1. Find all pairs meeting these conditions: Cβ atoms under 6 angstrom apart; at least six residues apart or on different chains; first residue within region 205-216 and free of Cβ contacts under 8 Å to residues at least 24 places away in the same chain and closer than 16 Å to residue 174 by Cα; second residue part of a helix (DSSP H, G or I) and of a type in the set (Gly, Ala, Ser).
2. Considering each residue of region 20-45, count those that are among the hydroxyl-bearing types (Ser, Thr, Tyr) and more than 11 Å from residue 69 (Cβ to Cβ), and give that number.
3. Residue 68 - would you say it is of a type in the set (Asp, Glu), in contact with a helix residue (DSSP H, G or I) (Cβ under 6 Å, 6 or more places away or on another chain) and exposed (fewer than 13 other Cβ atoms within 10 Å of the Cβ)?
4. Can you give me the number of residues within region 71-103 that are farther than 21 Å from residue 55 by Cβ, among the β-branched types (Val, Ile, Thr) and surrounded by 18 or more Cβ atoms within 10 Å (Cβ to Cβ)?
5. Surrounded by 14 or more Cβ atoms within 10 Å (Cβ to Cβ), over 14 Å from residue 126 (Cβ atoms), modelled with pLDDT of 85 or more and of a type in the set (Asp, Glu): which single residue out of 31, 10, 39 fits that description?
6. Take region 120-158 and flag every residue that is touching a Pro at 6+ places or on another chain (Cβ under 8 Å) and without any contact (Cβ under 8 Å) to a residue 60 or more places away in the chain.
7. Being at pLDDT below 95, of a type in the set (A, V, I, L, M, F, W, C) and not in a strand (DSSP E or B), is that true of even one residue in region 52-64?
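The values are calculated or read from the model by the stated rules, or taken from the named source; none is laboratory data. Please read these numbers as outputs of a predicted model, since none were measured by experiment. Using ideal geometry, Cβ is built from the backbone for each residue, glycine included, and neighbour counts are taken over all protein chains shown.
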Amino acid sequence: MTCKYQCSHEVAQMCPVAKGARHQCAPIPEEGKWVKATEIKDISGLTHGCGCCAPQQGTCKLTLNVKEGVIQEALVETIGCSGMTHSAAMAAEILPGKTILEAVNSDLVCDAINVAMRELFLQIIYGRTQTAFSDNGLPIGAGLEDLGKGLRSQVGTMFSTNEKGPRYLEMAEGYVLEQGLDANNEIIGYKFVHVGKMLEAIRNGTDPKTAFEQNVKTYGRFDEAVKKIDPRKE
């Protein structure tokens with residue numbers, strides 16, 4: 001019997017044997033439904049993926065909202081490498097409108113973004129999305145909810161040495177201005193400025209000095225601190 005595709009001599013000499021029972025693919029949870037995904041258009045969901053580049057210098061967090069196999073929304077967040085920001089800009093133009101199969105096979109300019117896309121692809125096709133059990137998934141634009149006020153990424157930046165201890169530079173709340181220490185020199189709070197809200201106020205016409213002062217807040221027991229230091233200078 002001839003083979004449909006090129007086969008080895010040994011396989012070509014074999015007689016056909018029926019497979020018997022039809023073993024279909026297992027259903028995966030997708031936006032409140034159980035779906036037997038056999039084609040790219042069967043895939044839907046919103047989820048996140050993280051990746052880093054080969055030198056481990058930078059990291060990307062990628063959020064995609066996929067409807068019927070096509071990427072409808074992309075949020076690209078990068079940290080650690082200045083060049084990645086430009087790659088993220090290009091990826092933001094490349095991704096929407098592509099199927100997830102096209103996207104995982106596209107050059108997204110930066111290794112970290114490519115790796116994030118790969119990891120996210122695996123989550124989606126195996127039904128491990130954030131919206132696996134969420135009826136009808138999330139609307140386009142839901143990715144922006146991951147961002148803080150002023151639509152800035154949630155960033156944490158800390159620096160620490162064995163000699164001098166930790167320095168809080170930026171928290172989710174904002175840019176850290178001062179660390180508050182107790183009598184044991186342990187951190188008990190900090191003062192910060194909410195950069196996103198401050199910039200929004202400036203854009204809306206508020207005087208920069210006033211906008212800054214209005215968006216300075218404290219966290220923890222900062223007011224009880226016996227010593228306050230500038231984490232960038234002291």
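1. 211/201
2. Matching residues across region 20-45 total 1.
3. yes
4. Looking only at that region, the number is 3.
5. None of the other options fit; the residue is 31.
6. Correct list: 158 only.
7. Yes - at least one qualifying residue is present in region 52-64.
Table: residues versus (1) in the same structural domain as residue 198 (by TED's automatic domain parsing); (2) buried (at least 17 other Cβ atoms within 10 Å of the Cβ).
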| site | (1), (2) |
| --- | --- |
| 115 | no, yes |
| 120 | no, yes |
| 134 | no, no |
| 139 | no, no |
| 151 | no, no |
| 161 | yes, no |
